[in-house]
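Notes follow the structure.
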């Protein structure tokens, strides 16, 4: 087994907060509890915890497809307080679905000697899936914690889990 890192993807007010612009629904409470447990375990095992945070400009091109969300310096872009980062954690902002696209995530992971990623967060069929795809293209091993990922669309969530496992070779745990 190689060195692991935990990626906490988009556990932000606009997705999992009840007043969020793209609130995923009641499943958010369950997934938040599961993510909190995974974070606690990672810290106990001294696995680096890296928060991946959707963070958009006010005029972001993504808003042609989705309502404006996670705009930098707004409440919607904040990490849920229940799972707030600690001083040793990393925070990496992103503007696109994949946590690797246009960020320093790959450089950070390589500096840490990481070869295996554990993914939790939202949305399974968007940012989790595309982050996993890029991770696999960069030769990282990927594990997705099934109870700690969710989406606003259950059918798309289930499709993404299948794609993660069968097409990308991710372990679903």
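Among the conditions (1) over 14 Å from residue 7 (Cα atoms); (2) in contact with a helix residue (DSSP H, G or I) (Cβ under 9 Å, 6 or more places away or on another chain); (3) surrounded by fewer than 18 Cβ atoms within 10 Å (Cβ to Cβ); (4) in contact (Cβ under 8 Å) with a residue 40 or more places away in the chain, the only one that residue 138 does not satisfy is (4). Residues of region 89-99 that are under 14 Å from residue 7 (Cα atoms), in a loop (DSSP other than H, G, I, E, B) and under 13 Å from the mean Cα position of the chain (by Cα): 97, 98, 99. Exactly one residue out of 139, 73, 158 is closer than 18 Å to residue 34 by Cα and modelled with pLDDT of 95 or more: that is 158. Among the residues of region 1-44, just one is free of Cβ contacts under 8 Å to residues at least 60 places away in the same chain, touching a strand residue (DSSP E or B) at 6+ places or on another chain (Cβ under 8 Å) and part of a loop (DSSP other than H, G, I, E, B), namely 20.
Of (1) closer than 16 Å to residue 6 by Cβ; (2) surrounded by 16 or more Cβ atoms within 10 Å (Cβ to Cβ); (3) free of Cβ contacts under 8 Å to residues at least 60 places away in the same chain, residue 86 satisfies all except one. Which? With respect to (1) closer than 16 Å to residue 6 by Cβ; (2) surrounded by 16 or more Cβ atoms within 10 Å (Cβ to Cβ); (3) free of Cβ contacts under 8 Å to residues at least 60 places away in the same chain, residue 86 is out only on (2). Taken over region 65-88, the criterion of being part of a loop (DSSP other than H, G, I, E, B) and in contact with a helix residue (DSSP H, G or I) (Cβ under 7 Å, 6 or more places away or on another chain) is satisfied by 69, 70, 78, 80.
Return the total of residues in region 51-71 being more than 17 Å from the chain's Cα centre (by Cα), farther than 17 Å from residue 19 by Cα and surrounded by 13 or more Cβ atoms within 10 Å (Cβ to Cβ). Counting residues in region 51-71 that are more than 17 Å from the chain's Cα centre (by Cα), farther than 17 Å from residue 19 by Cα and surrounded by 13 or more Cβ atoms within 10 Å (Cβ to Cβ) gives 3. Residue check: is residue 78 more than 16 Å from residue 135 (Cα to Cα), modelled with pLDDT under 95 and surrounded by 15 or more Cβ atoms within 10 Å (Cβ to Cβ)? For residue 78, the condition - more than 16 Å from residue 135 (Cα to Cα), modelled with pLDDT under 95 and surrounded by 15 or more Cβ atoms within 10 Å (Cβ to Cβ) - is not met. Within region 104-114, the residues that satisfy the criterion of being surrounded by 18 or more Cβ atoms within 10 Å (Cβ to Cβ) and outside any strand (DSSP E or B) are 105, 109.
Would it be correct to say that residue 117 is within 15 Å of residue 148 (Cα to Cα) and part of a strand (DSSP E or B)? Here the answer is yes, as residue 117 does meet what is asked. Regarding residue 160, is this residue part of a helix (DSSP H, G or I), at negative phi and either surrounded by fewer than 22 Cβ atoms within 10 Å (Cβ to Cβ) or more than 13 Å from the chain's Cα centre (by Cα) (or both)? When the stated conditions are applied, residue 160 passes them. Quick one: would you say residue 49 is in contact with a strand residue (DSSP E or B) (Cβ under 9 Å, 6 or more places away or on another chain), modelled with pLDDT of 95 or more and under 22 Å from residue 118 (Cβ atoms)? Answer is yes for this residue.
Of the set (1) at pLDDT 95 or above; (2) in contact with a strand residue (DSSP E or B) (Cβ under 8 Å, 6 or more places away or on another chain); (3) over 19 Å from residue 149 (Cα atoms); (4) assigned to a helix (DSSP H, G or I), all apply to residue 62 but (1).
The values are calculated or read from the model by the stated rules, or taken from the named source; none is laboratory data. Model, not experiment: these values are computed from the prediction. Note that each Cβ is placed from the backbone with ideal geometry, even for glycine, and that neighbours are counted across all protein chains shown.
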